[in-house]
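J.: Following this message is one structure expressed as structure tokens.
The values are calculated or read from the model by the stated rules, or taken from the named source; none is laboratory data. Source: prediction; values computed, not measured. Don't worry about glycine lacking a Cβ; one is built from the backbone with ideal geometry, like all the others, and counts go over all protein chains shown. Keep in mind that these areas ignore ligands, DNA and RNA; they rest on the heavy atoms of the full protein, side chains included. Shrake-Rupley method; radii C 1.70, N 1.55, O 1.52, S 1.80 Å.
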Amino acid sequence: MRKQLANWGNYPALDCEESSFSQEEQLTQYVNTHDRIIARGNGRCYGDASLGEHSISTLRYDKVLHFDVETGDFECQAGMTLDQVLEIVVPKGWFLPVTPGTKFITVGGAVASDVHGKNHHSEGSFSNHILHMEVLTGTGMMTCSRSSNTDLYWATCGGMGLTGIITSVRFRLKKIETAYIRQKQIKAENLDEILRLFDEYTHYTYSMAWIDCLQKGKSFGRSILIVGEHAAKEELNAKQGREPLVLPPKMKLTVPFNLPSFVLNNFTVKAFNALYYGKNYKKVMESVVPYEPFFYPLDAIHHWNRGYGKDGFVQYQFVLPIDKKEGLAAILRAISDKGWGSFLAVLKVFGKQDDLISFPMEGYTLALDFPVRKGLFAFLDELDALVLQYGGRLYLTKDARMQQEVFWKSYPNAERFAGIVKTFNPDGKFRSVQSDRLLLTQ
């Protein structure tokens with residue numbers, strides 16, 4: 001069925017043929033009779049990585065295949081979403097080994113993006129916890145892991161679906177005692193202080209910071225560091241402790257329609273930033289909270305992407321090497337000088353990772369949301385130049401407009417990745433708008 005599709009940023013919106021499958025035989029038949037195919041999960045990547053001439057939805061391919069409640073080994077079909085996984089495993093005392101900032105992505109998408117979370121510095125990205133997976137490549141169905149068909153494995157982890165369609169994934173969960181997080185929030189007056197606090201609290205499993213991009217002077221880069229650990233039973237209050245693996249009911253909000261573009265402006269962003277920074281009325285605040293507001297604060301607001309208006313938005317996420325703090329300051333200064341702040345500005349520290357095509361490297365990563373507007377892409381080109389100057393790169397999962405030369409200059413293994421893609425996708429059957437734009441499937 002032909003329809004207009006867009007991912008979470010609502011930019012770009014393109015005319016595509018969307019199909020789905022619930023049986024492996026259906027998928028195989030479809031792949032054998034079509035070309036220019038790309039897998040699409042729940043559409044929570046931000047740009048054009050899962051858009052193509054033929055986008056095939058995995059959402060109906062969503063069954064649990066194996067769950068060992070003693071060891072935490074879990075296997076499912078690739079269309080299962082993380083929230084569906086959590087509903088099954090949390091009551092049994094298990095949690096996702098790595099999770100991004102939304103639970104509404106598919107397991108296949110988690111692999112194709114090699115997602116990272118607040119614990120990358122301590123536990124790596126999703127690929128660190130995969131036992132094996134099955135991929136329908138251009139040459140047939142294959143099983144791969146770190147020890148078997150390794151080229152396929154590493155080109156699929158973070159490979160944006162270009163090696164084929166991931167059909168199932170087996171991975172190892174993390175043992176927990178409760179569904180709660182022991183959280184600490186620390187206010188930082190400026191960029192220097194937040195970077196020092198990241199070093200000071202590096203022993204915490206989870207850490208991230210909200211950062212105010214519009215401040216100047218002595219408050220430049222003011223932030224709130226948020227760190228956490230899975231809470232033990234004895235750390236819960238009496239009410240929480242009665243059912244430690246059951247979460248309280250949640251209030252669900254929704255943005256019912258696209259807001260007018262004038263709602264997002266310098267005044268509203270500055271007002272939001274002032275309120276958010278001011279809500280921490282003490283330097284350090286500690287609490288025990290359910291895991292959902294800690295890991296997925298925006299998931300409580302359905303269709304929050306509509307807040308950026310009908311033209312959509314671009315999420316811009318980059319990483320710089322750990323020794324390039326001055327680059328982070330330069331980019332934040334450019335954003336502050338431009339006056340184009342972001343409601344969502346999340347700073348994290350990555351640990352060491354040197355995989356084939358995955359985004360993380362040891363360093364600082366910042367994610368920002370920018371409404372699509374006149375002059376935005378020219379400004380982002382300027383930021384790209386700074387990212388390249390300081391040895392960084394952009395996250396393909398968030399990308400909707402990167403120039404091809406930026407990709408090829410910033411991903412050192414790009415040539416090798418393209419060669420492996422050609423091995424398993426020799427006719428370019430699996431390709432997306434993004435892969436064509438970056439000359440990965442031309």
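J.: Skip the ligands, DNA and RNA, and give the accessible area per residue of the stretch 64-176 with a 1.4 Å probe, whole Å².
T.: 29 Å²
J.: Quick one: if the Förster radius is 30 Å, what FRET efficiency do THR254 and GLU382 give, using the C-beta to C-beta distance and rounding to 0.05?
T.: 0.25
J.: If the only charges are +1 at each Lys and Arg Cβ and -1 at each Asp and Glu Cβ, what is the size of the charge dipole of the chain around the Cα centre, to the nearest 20 debye?
T.: Charge dipole of the chain: 1260 debye, to the nearest 20.
J.: So which lysines pass the test for LYS429, namely a Cα distance under 24 Å, with those fewer than 8 places away in the same chain ruled out?
T.: Counting by Cα, and skipping residues close in sequence, LYS429 has these lysines nearby: LYS3, LYS398.
J.: On to the next question. Please give the calculated 222 nm ellipticity per residue for the chain, where each DSSP H segment of at least 4 residues contributes -39500 (n - 2.57) and the sum is spread over every residue; nearest 500 deg cm²/dmol?
T.: The helix-only estimate for the chain comes to -7500 deg cm²/dmol at 222 nm.
J.: Any chance you could get the radius of gyration and Dmax over the Cα atoms of the stretch 64-176, in Å?
T.: 13.1, 40
J.: Which values of log₁₀ I(q)/I(0), to two decimal places, follow from the Debye formula for the stretch 164-214 at q = 0.25, 0.30 Å⁻¹ with a uniform point scatterer at every Cα?
T.: -1.04, -1.31
J.: How big is the stretch 254-327 by Rg and Dmax over its Cα atoms, in Å?
T.: Calculated on Cα positions, Rg and Dmax stand at 16.3, 44 Å.
J.: Still on this model: Largest first, please: the extent of the C-alpha atoms of the stretch 112-188 along each principal axis, to the nearest Å.
T.: Answer, in whole Å and largest first: 52, 30, 19 Å.
J.: Now, a different point. Quick check of the Kirkwood formula: for the stretch 277-413, what is the inverse mean of 1/r over all pairs of different Cα atoms, in Å?
T.: After inverting the mean inverse Cα-Cα distance, the result is 16.6 Å.
J.: May I have the count of lysine pairs in the stretch 85-202 with C-alpha atoms under 14 Å apart, counting pairs 8 or more residues apart or located on different chains?
T.: Number of lysine pairs found: 4.
J.: Taking a quarter of the surface of the convex hull around the Cα atoms of the chain, what do you get in nm²?
T.: The Cα convex hull of the chain, projected and averaged over all directions, gives 20.2 nm².
J.: Could I ask something else about it? Any idea what the dipole of the stretch 1-79 comes to, in debye rounded to 20, about its Cα centre with Lys/Arg Cβ at +1 and Asp/Glu Cβ at -1?
T.: It works out to roughly 420 debye.
J.: So if I take the centroid of the Cα atoms in the stretch 186-248 and the same for the stretch 293-362, what is the distance between those two points in Å?
T.: 17 Å
J.: Relative contact order, percent, of the stretch 64-176 when contacts are C-alpha pairs under 8 Å separated by at least 6 residues?
T.: Relative CO of the stretch 64-176 lands at 33 percent.
J.: Which value, in debye to the nearest 20, describes the size of the charge dipole of the stretch 64-176 about its Cα centre when Lys and Arg Cβ atoms bear +1, Asp and Glu Cβ atoms bear -1, and nothing else is charged?
T.: 240 debye
J.: Related question: Over what distance in Å are the Cα centres of the stretch 13-56 and the stretch 128-153 separated?
T.: Here the two parts' Cα centres lie 20 Å apart.
J.: Shifting gears a bit: For the chain, what relative contact order do you get, as a whole percent, if you take Cα pairs closer than 8 Å and at least 6 residues apart?
T.: 19 percent
J.: Same structure again: How large is the convex hull of the C-alpha atoms of the stretch 179-288 per residue, in Å³?
T.: So the per-residue hull volume is 135 Å³.
J.: Taking a probe of 1.4 angstrom, what is the accessible area of MET80 in Å², to the nearest 10?
T.: Answer for MET80: close to 10 Å² accessible.
J.: Still on this model: Given the options LEU5, ILE165, MET285, identify the residue whose Cα lies farthest towards the positive end of the charge dipole of the chain (+1 on Cβ of Lys, Arg; -1 on Cβ of Asp, Glu).
T.: Selected residue: MET285.
J.: What aspartates and glutamates sit close enough to LYS239 to cross-link, taking a C-alpha to C-alpha distance under 16 Å and skipping anything fewer than 8 places away on the same chain?
T.: GLU177
J.: Output the Cα-based Rg and Dmax of the stretch 180-401 in Å, rounding Rg to one decimal and Dmax to a whole number.
T.: Considering the stretch 180-401 through its Cα atoms, Rg and Dmax are 18.2, 55 Å.
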